1. Looking at the chain, do any whole DSSP H helices span at least 18 angstrom along their long axis by alpha carbon and average -1.0 or above on Kyte-Doolittle, and which?
2. Would you order MET636, MET737, MET984 from fewest to most other beta-carbon atoms within 10 Å of each residue's own beta-carbon?
3. Provide the packing ranking of 925-933, 125-133, 494-502, 508-516, i.e. peptides ordered by the mean count of other C-beta atoms within 10 Å per residue, highest first.
4. May I ask you to order 448-460, 532-544 by the average number of other C-beta atoms within 10 Å around their residues, highest value first?
5. Taking 8 Å as the Cα distance limit and 6 or more residues as the minimum spacing, I'd like the relative contact order of the chain as a percentage.
6. At a 10 Å Cβ-Cβ cut-off, how would you order THR521, THR242, fewest neighbours first?
7. Straight-line reach from LYS909: which aspartates and glutamates have a Cα under 13 Å away, not including same-chain ones fewer than 8 places off?
8. Determine which aspartates and glutamates satisfy two conditions relative to LYS547: a Cα distance under 19 Å, and not lying fewer than 8 residues away in the same chain.
Amino acid sequence: MRSILLCALVLGLAGPTWCASAYTTTVEATAQAVLTVAGAWVDFPAFLKLGGETAAFAPESVVVRPADPADAAPVASRVEESQGAYRVFWQVPAVAQKDAGQPVTFRIEFGVKPAPGGSPRLPASAVDTLIANGGFEEVTDQGIPVGIAAAIFKRDFRLVAEKEGRALAFNADPEGRGPAFITPWVSVRGGESLAYSFRFRARGAEAHPRYKVILFSYVNYRDAEGKPLPRAHAYTTRLGDTDGWEEVRVTLPVPPAARSTNLEIRNGSQVPYSVSIDDVRIAATTIPQVMAATAPGGQRLSLRVEDENVRRIDLGTATSPVWQGFQALAPEMEYTAERGLGFTRLARPLGLDKVRPDPLARDFITAARADLRIDLPDGEYTLWALIGDSQVGSTILTIYRDQLLQINGQEVLKRDVPPAEFFRTTYLRHYADFWYPGMDFYDTFVAPNFEEHFFPVTVTGGKLTLSWRNVPLAALVVAPKARDAELRAELSRLKAERRRATPIEEVAPPVEEAPAAGVLTAAERKRGFVLFRRPANESIYPTSRPKPEERITALQAFATPGEYEPVHFSLYPLRNLGAVRIRATELRARAGGRIPASAVDVRVVRYHFRAAGGRGVAGAYRYQIAPYILDRRESMEVTEGTTWSWWATIHVPENAPAGVYEGALEITAGQQPALRLPVSIRVLPFRLAALPILQGYYYFPSEPWYSTFWGANVRGPDYRDDPEVRKIILENERREMRFMKSLGLNSVAFGDDLRKDLELADGRVRLKPDNRFALWMDLYKEAGMGPMPFYGFQPLGAGNLLAWLEREKLKERFTPQWNTAYRSFVEECQRIGKERGWPEILWYISDELSNHGEEGAKLGVELAKVLKGMPGVRTIASMNGPWEHIMVPHLNISMPNIAFPITEETVKKVRDSGSELWLYNCGDERLNLGLYPWRVKAGGRFQWHYRYINADPWDDLDGGGSDTQYCLSLPGPDGPVPAVKSQMVREAVDDHRYIATLEQAIAAARSDAKKQAAVAKATRFLEELRARVPVDFRTLVGYQVDPRAAGASVGGEFKNTDALDRVRWAVAQLILELQTGSGGPTTGKGK
């Protein structure tokens, strides 16, 4: 195990002689009631250069000791070079509990020569932490980890030996709530951010049926009086077996009122000692940066401009952290002569703390008008401004329009990009950031959110006035012009400091062994790459490596006329290949048919900085380089050791004759001759039946829909009536629905609740003129979609958004006035829909009311009753727990997920009640999207979410959650750019269509006496297939399912999607046998 030992390796003590000849600096650390380790950044070479030293800094020179008394003995320390600077770690002695949380000053001594006699050193593995013995390496004579009471240890834990040290294993608790490992309370300051981390491993763990989790954890807080504050959920897992040790790291801001915190980790397994933890740690995320030092002769050395007329201002909220050496400025701070700083005018101010990236840039102040006064002596100055918004936590990208910045009444910055131009360029800017090895996350996604400006300033009358409008202003520095060179040097260092202060964590992709040289063929060595293929359900990472049995020499598929069918392969480069190009040739049949090359869509699997756990807004930028998007690229640079994959989707022409079509994918690497990878596709002599159910995804229209019609994310003038923006909206929505239809989908669950477009007149709700619902439904009709579950309707009743229209009259549900308003909106839409020929609107009354227990389900019953019996109105609700069983008799369509649960018993109960069974959120893999709804005879299947984007669509770590977690495509300059998982959606839909085609063939052949054997054979096949797909899908995804989960990984025989291809081929053979009486083709089934 990685040790966080706090004991020192004493090599000797550096004496006062060394101290007198060394450079020195001081830094504070927060003392705790236990031994801890603190850290600080120090730019030692910069200080030595300022001191006139020409020799290089010697890391062995560093000695750390308490500043008081002057001759205090050194404490254990170590120095680590990182990110262009040095990080010092040192031991902080324990203090009495009453003194915990108080700052203690330490002196750091350094120079160009090793310290005489050395200094006590921390082990290389020691890192800064506010708790002791989180690695469980220090034990008492009885073998009990220091810090755990003997009685508790003997009852609840066991130490287990590992190669690298010890870990703590949990006993089991009959109630399923523990045991718990709880760290000591740590003294903290409200507003700072802390990182809570640990590692865990599960082996043969089984969740207790009461809580249904293997491990769960919380962060606890107490106020100054020791009273508990609301705790934060940290991490939960249902994994009974982990692949080795799993890392958990959660970064959270400390609540303003909190003065202490701890981490609580609880075992949920009922198998004793099946869950272990190690390396438990709590650490500050903001590491102090040392800005000043003293030379041996007493000369003060500073990395900042030291001048009484320099003002450094950190703009933000009253509770957000302030960058070291800066003065806080919050919207509440009006100008006072005593302060010499403050607002003289502030209209519609907004101070925001976005938590990331760093304490200076994370918070800012914007306003419709802000006038700031700064008192300074008259003279010439330079003003530096940091402007930007990290967009962290934004549901939709915040847009700043009509921006203006003035200094002393003079305009220095003005811009207002037309909205249409913004959405065609800036909004999609990261689409161009194609990942290659070496791409830096900070430089690509964090730094571009901020801009730095330098302005010359003349101060007269003893004051400087700064005014701005719709500018997210994060920081200001004003310095005399005579110190300009020093100022720019300081700000250059500040940029590096901000980068170091930004919490970024990369989760390494899976590591696989490269093929041994002896297994490579001569052809592979000559061309410099290996071609291989894995089932589509297996992700290929840059670090993936081919196994001998995965290598390929050709690709095969089968399809029907009009069908889209993909093939895919991966390329592992043995050396740098230069520019690699993949081109499809046409495919020809021997009988003369052809599939043109233009019908083969070749795309590379684009790697993405994908969010990897953490706590969304509060966490670090935590990512993994992982496959996600299918992108068209003319060519791309391929370097040694980085694996890439390509998908080629063949669109078989509607009039293609049956037969085997042959062609190739031509792979050109650098200047080498093209390698032909043969591709064949067997076109079958029948057409697929239409999808027999309604199937789609939950959907909220693409930007600029939200910013145009809601406008909550727009700072500045709205653009609802901008004709160019309307053009983009129409273009976007048509493209999105064309893409959905190309996947075989025939519906969407529309999610806009239409706020701002509804009005109340004479007690009835109606749509305003030029409302967006009519715009949407006209587009939906134009696309040829089927009935539409109106998901945006459910907040009006279940969330009582109707009350927004008339607070007093509609604040209470189910009064006569409320019922009239609720029904009248439905009547209004039904009337307009009939006039305009819209597809049927399905009235989505509620969503997951089991989250609110019995009362929630009762609310659903009453909502259904209000609409019951309305002519032409069908109601639908999504249900995620047993509480909602009482709703079923009152609904036209009951749409449960697997937490309802869906069993033989509940399916029968739904049907016996007269309600139609549909499904939602039963997992987003091929089996549960395709064969599963067929298995349970569902009439509809919906899944969360087509594109649940937060903030910038191509930055997965900026918003309040991951963009890619629920997403079938990302917006691109030319329309939707498909995710790899979108291909699984199409394959799932086609699986269902093949089955439907077989069922139709059976029905058609039943009256033909010559085909009874074929009918019996096909019927038996379908019966056996039904038996292979369980009704209770939890048997494949695990019983411990979060009721709110939108997806789960499939186990069983169909986890490998090649098995589903074999099922589909067997279905095709049976169809041919029913049509022709023969056994059909017996080759060409591979893909």
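1. Span-like helices in the chain: 853-867, 980-1005, 1012-1028, 1057-1076.
2. Numbers: MET636 17, MET737 20, MET984 23.
Result, fewest neighbours first: MET636, MET737, MET984.
3. Details: 925-933: 26.0, 125-133: 22.6, 494-502: 19.3, 508-516: 12.3.
Result, highest mean Cβ count within 10 Å first: 925-933, 125-133, 494-502, 508-516.
4. Top to bottom by mean Cβ count within 10 Å: 532-544, 448-460.
5. On the way: 2490 pairs, mean separation 92.5, N = 1087.
Across the chain, relative contact order equals 9 percent.
6. Values: THR521 10, THR242 18.
Fewest-to-most ranking of THR521, THR242: THR521, THR242.
7. Within the straight-line cut-off, LYS909 pairs with GLU884.
8. Partners found: GLU512, GLU513, GLU524, GLU538, GLU640, ASP1058.
Each value in this text was obtained by applying a stated rule to the coordinates, not by laboratory testing. Quick caveat, the model's predicted, so the values are computed rather than measured. Cβ sites come from the backbone with ideal geometry, for glycine too, and all protein chains shown count toward neighbours.
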